[in-house]
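Working notes for the structure below.
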Amino acid sequence: LSLYNISRAPGITADMSHVVTAGEVNGYILEKLGNALQGTKIIVIAAGIPWKPNIVQVNLFNTNAPIVWDLAQAVGKDTPEAHILIISDPVNSTVLIVTEVLKKASKFNPAKVW
């Protein structure tokens, strides 16, 4: 399990490493995104801020879209064969961002973007 976060990955990694499993947990911060993606088969993008009732959709999009864009570019470059699950709000827009970034890089496979 590779965890990537701009600041809290080491702490989350320490928490996750206490789960009894044969798997290994590694945490990566901002400048190590390529390392986090190396060899991955499934990527879950849960980036940005979550939707809350008081958040205007355009503000949510303006915050999360650039983060998802950057992650999609890294996925296209470092691990284009991985399956990608996008759960960043607003999902109807962030899935399209990932799709378009991968299409532009000629790395899009519709069966691998969820």
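The values are calculated or read from the model by the stated rules, or taken from the named source; none is laboratory data. Here the structure is a predicted model, which means the values were calculated and not measured. Neighbour counts are summed over all protein chains in view; Cβ atoms, including those assigned to glycine, are modelled from backbone coordinates with ideal geometry. Heads up: the accessible areas ignore ligands, DNA and RNA and are worked out on the full protein's heavy atoms, side chains in. Shrake-Rupley method; radii C 1.70, N 1.55, O 1.52, S 1.80 Å.
Out of 70, 15, which single residue is open to solvent by 80 Å² or more (accessible area, probe 1.4 Å), modelled with pLDDT under 90, farther than 17 Å from residue 109 by Cα and in a helix (DSSP H, G or I)?
15 is the lone residue from the list that is open to solvent by 80 Å² or more (accessible area, probe 1.4 Å), modelled with pLDDT under 90, farther than 17 Å from residue 109 by Cα and in a helix (DSSP H, G or I).
(1) open to solvent by less than 80 Å² (accessible area, probe 1.4 Å); (2) part of a helix (DSSP H, G or I): which one isn't true of residue 100, the others all being true?
Here residue 100 meets the rest and fails (1).
Among the residues of the stretch 37-67, write down those that are without any contact (Cβ under 8 Å) to a residue 24 or more places away in the chain and either surrounded by fewer than 13 Cβ atoms within 10 Å (Cβ to Cβ) or outside any loop (DSSP other than H, G, I, E, B) (or both).
52, 53, 54, 56, 58, 59, 62, 63, 66, 67
So is residue 81 under 17 Å from residue 114 (Cα atoms), assigned to a loop (DSSP other than H, G, I, E, B) and open to solvent by 80 Å² or more (accessible area, probe 1.4 Å) or not?
yes
Would it be correct to say that residue 22 is open to solvent by 90 Å² or more (accessible area, probe 1.4 Å), within 24 Å of residue 1 (Cα to Cα), out of contact with any Phe, Trp or Tyr (no Cβ under 6 Å at 6 or more places or on another chain) and among the aliphatic types (A, V, I, L, M)?
Here the answer is yes, as residue 22 does meet what is asked.
Would you call residue 34 open to solvent by less than 50 Å² (accessible area, probe 1.4 Å), within 22 Å of residue 94 (Cα to Cα) and of a type outside the set (A, V, I, L, M)?
Taking the combined requirement at face value, the residue satisfies it.
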